[in-house]
1. When the chain is fully extended, how far beyond the present Cα-Cα distance does residue 126 get from residue 9, taking 0.36 nm per residue of separation?
2. Taking a ≥ b ≥ c as the square roots of the eigenvalues of the Cα gyration tensor of segment 3-106, is the shape rounded (a/c under 1.5), prolate (a/b larger than b/c) or oblate?
3. Filter 39/90; 54/108; 51/90 down to the pairs with a C-alpha to C-alpha distance above 29 Å, please.
4. Counting only the backbone N, which residues of segment 63-106 are under 11 Å from the spot 7 Å out from the Cα of residue 30 toward its beta-carbon?
5. Compute the Cα gyration tensor for segment 89-144, then decide on rounded, prolate or oblate, letting a ≥ b ≥ c be the square roots of its eigenvalues: rounded whenever a/c is under 1.5, prolate when a/b is larger than b/c in the other cases, and oblate in all that remain.
6. Full extension from residue 88 to residue 103: what is 0.36 nm times the residue separation minus their Cα-Cα distance, to one decimal in nm?
7. If you add up the charges near residue 14, with Lys and Arg at +1 and Asp and Glu at -1, over every other residue whose beta carbon is less than 13 angstrom from its beta carbon, what do you get?
8. Net charge near residue 41, counting Lys/Arg +1 and Asp/Glu -1 over other residues with Cβ under 15 Å of its Cβ?
Amino acid sequence: SGEVKSPGAYTLLKRIETLDDIIQRSGGYTDRANHDGIKMFRDDTTQIILKNFKMPLMSGDSIFVPQHTSVVEISGEIYHPGYVQFIHGKNLEYYIESAGGYTNEADKKSIMVIYANGDVDIKRRWHKLKIGEGSHIVVQSKKEREEFDLTEFLKEVSSIAASLATIIYIVTFN
């Protein structure tokens, strides 16, 4: 369904028929089709993340070809969550700054991008995230750390030391 010239239900005609085959049988894409956002579902609920369109289909598979959205969604720990116009070639920082920048609670090392086709990529030290049309950028919150309580720590250490001393005394003098 979606942005193909003849959307509808198609019967698999060959033993192995691919996503490419079905798109060709449907007349191809419309001018509004976002090729990078194609989603495929098995059993109507489980999405299959597509790496290419040579995926063999099974009876009951469904395909959705979305139209161009021309936006990138940004959510999480930024000042103005929402949508930013997609501009080809712009990087992650451009979109975050366009949405007001990071909040004080943002974990700048914990960012993920969910692409239009459902694929997910996570920011890593030497890995630059690519942003595509229809992507969703999610900036995670800093994990709350418990403050170190010296009194509680010393209480636990003394309890363990006293238990060890008792065990050593019992073993040695019995």
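1. Going from the current span to full extension adds 37.7 nm.
2. Because a/c hits 1.5 or more and a/b exceeds b/c, segment 3-106 counts as prolate.
3. From 39/90; 54/108; 51/90, over 29 Å: 54/108.
4. What the label zone holds, given the 11 Å backbone N cut-off, is 65-68.
5. Prolate, since a/c reaches 1.5 and a/b exceeds b/c.
6. So the extension gain works out to 2.8 nm.
7. -1
8. The answer is -2.
The values are calculated or read from the model by the stated rules, or taken from the named source; none is laboratory data. It should be emphasised that the depicted structure is a prediction, and the values quoted were computed from it without experimental measurement. Note: ideal-geometry Cβ built from the backbone for every residue, glycine included; neighbour counts use all protein chains shown. All accessible areas refer to the heavy atoms of the entire protein, side chains included, with ligands and DNA or RNA removed. Shrake-Rupley method; radii C 1.70, N 1.55, O 1.52, S 1.80 Å.
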